[in-house]
1. Which value in Å is the Kirkwood Rh of the range 122-176 over different Cα pairs?
2. Grab the Cα-Cα distance for Ala89 and Gln591, subtract it from 0.36 nm times how many residues apart they are, and report the gain in nm with one decimal.
3. Taking the alpha-carbon set of the range 478-556, what are its Rg and Dmax in Å?
4. Ordering Glu337, Glu204 by how much accessible area each has at a 1.4 Å probe, largest first, what is the list?
5. Output needed: percent of Cα pairs per 10 Å distance bin for the range 479-627, bins running from 0 to the one holding the longest distance.
6. Figure the gain on full extension for Asp269 and Ala525 (residue separation times 0.36 nm, minus the Cα-Cα span) and round it to one decimal in nm.
7. With every atom except the alpha carbons ignored, what do you get for Rg and Dmax of the range 82-154, in angstroms?
8. Would you mind giving the average projected area, over all directions, of the Cα convex hull of the range 17-80 in nm² with one decimal?
Amino acid sequence: MGFRVGQDTSFGSAKARQRMQLIRRLEIAYFRSIYKETVDRPLGTTVLFGRNDAGKSNVLRALNLFFNGHTNPGQPFSFERDFCHARRAEADPTKNIRKFVYVKVWFTTPASYRPSLGREFWVRKQWSVTRQGDPVVSHSIGDPSKYQYLTRFLNQVRFHYIPAIKDRRIFEQLLAQIYEVVASQEQFTASLADFAGALQERTEKLTQGLLSALDVKSVISPPDDLSDLFRSLDFETNTEQGDSYSLTLQRGDGIQVRHIPAILAFLSDRGAEDYHIWGFEEPENSLELANAIDEAEQFCEHGRARNKQIFLTSHSPAFFALREDDAKRYFVSRSEERSGRLTSTLRAISGDEAPGQLMGETPHLPVISSYLAEAHGRIEDLREVSQGLAAQLAERDRSILFVEGESDRRVITAAWDVLIGGERPFDIEDASGTTKMESLGRDGQVINRLAPARTVMALVDNDHAGRQLYSDRRLGDGGKWVRHNSNRVYWCRLPFLTSLSTYMTSKGINKAAWPGSLENMFEPALRAEAVTDGALALTTIPHDELLDSKWYAAIQEHLPPSTDPQRFWILRVDPNTKLSFADWIVARARQDPTILEPFRPFLEGLRDELDRLAAAGPEGQDDAGNG
């Protein structure tokens, strides 16, 4: 009974059909540090947080005990070790309190079993001093004729337990399980028969020698069960350079850990059982934060599958930051005292606000997680933009100049045509804001490798946002081309007009707050004409840099509506008029090219640098100066 096309594998509601929620409720009683606790309505992925020794792992061990009969891998239940100490203290002879441990699991019944088992049912297993290896099993199925279906169902559920310490033995167990899956396929059986025939053919002389010497016909053949052989196998990993390494002997712990979810997914998707539950301790161990974020998302992806349900323990903000619709979160702590002993309690974490106890014990976790979600989103945006840049560069055989927006592209194109003339030896590309430009400012050789024979340039506004994209003292007040030391992109900031510098200096405003935007490359009188022509409009809000209390008082007199030309330096342009103003400038430049003269120095500098690079050739470009 597997998942087949067209088969109804729903688990109830439409939302539930998107993921397996086989275990609806879990109750654990008197097991290790747990007195009696419940995990209610776990999702496809459920994460348990808490400090060290809080009892998180005991939840996973209880599941392993229920499904596999062991607590830790290969470690059978021991009443002396596994019975809760707090319960032991209560159960003195005078109180007539029985000593036992139980794990009770409520299941949401898969559609194919509902006619026999109903929509949901529970199974309880109880261990005691006299029933340590053979627990008492009870359940909610009342009709004895249905018991066979319960047994059949439980045989179709497999629990995979991965402890916190992931050594070679864990990989040996996983490899043995891979063998179970592979050996069940007809192609493998046929290949094994071919191998046996080839082995016997190549040892025929040995067989004949044994027959002559001992009068015994002895034929070498492989064993029917190769699980021990598979345990000795390894995973070969390859670097970008093609070098091969043993996963378990030569690669770091982080690389090893990242293989395990993929192995479990293979076992779950190709194994004989229909339903797979994972118990995974601290998957972030040995992972740097960026990889832990990816790992958390991969676990959620696996948890959305129809045949998997995942229980994790974690300390990592990467897992704490998971959204509520992706994962259910619990906080585990040793906070309840019974008979003078602290026992583990479980609290569901809902929304963005963690319980007060969580905040008190591990205050960094929700704070870092909140920041992490925002930062990771930003990183993903940059990654997507970088990939887009790479695609653009790969398609071009010319150098390329990136500018911040379409209005910049139109004005710079016109300025080159008017002031420099001739064929332009590069394309001008609108980067659509600062995000794509930010990726050009990052360290690394990726851009240079994608465009080794082409020059990549970036022209940015000389405002706070533009200066943040690539901070280098050599760029100075703008108008100068400087090569990034790492990725070899040439950078330039728009220069400040003399009249802008004069005004800002007269107001005592620090140069770091001067708004050197494209529009501020044109004199106020010219822009006033564009306003009259309807091509430009100002807002009533100053540039971001000038909103600082240190400078606001100095510009306040120019804020009220008036004909004061100084207002053009300090007020933002209505973004809806940026393109119309650029087109107005382009048209005006045909009549009066002098309005573009402020662009001449850095455009001539760009032309000269490109000419020098072309003359130097590829080797000369490698040794090129910095503008």
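The values are calculated or read from the model by the stated rules, or taken from the named source; none is laboratory data. Note that this is a predicted model, so its numbers are computed, not measured. In this analysis, Cβ positions are derived from the backbone assuming ideal geometry, glycine residues included, and neighbour counts consider all displayed protein chains. The accessibility values were calculated without ligands, DNA or RNA, using every heavy atom of the protein model including side chains. Shrake-Rupley method; radii C 1.70, N 1.55, O 1.52, S 1.80 Å.
1. One over the average 1/r among Cα pairs gives 14.3 Å for the range 122-176.
2. Roughly 171.0 nm would be gained on extension.
3. For the range 478-556, the Cα radius of gyration and maximum Cα-Cα distance read 15.3, 47 Å.
4. Output order, biggest surface exposure first: Glu337, Glu204.
5. With 10 Å bins starting at 0, P(r) equals 10, 33, 29, 19, 8, 1.
6. Details: separation 256, 0.36 × 256 = 92.16 nm, distance 7.13 nm.
Residue separation times 0.36 nm, minus the Cα-Cα distance, leaves 85.0 nm.
7. Taking only Cα atoms of the range 82-154, I get Rg and Dmax of 15.9, 50 Å.
8. Taking a quarter of the hull surface, the average projection is 5.1 nm².
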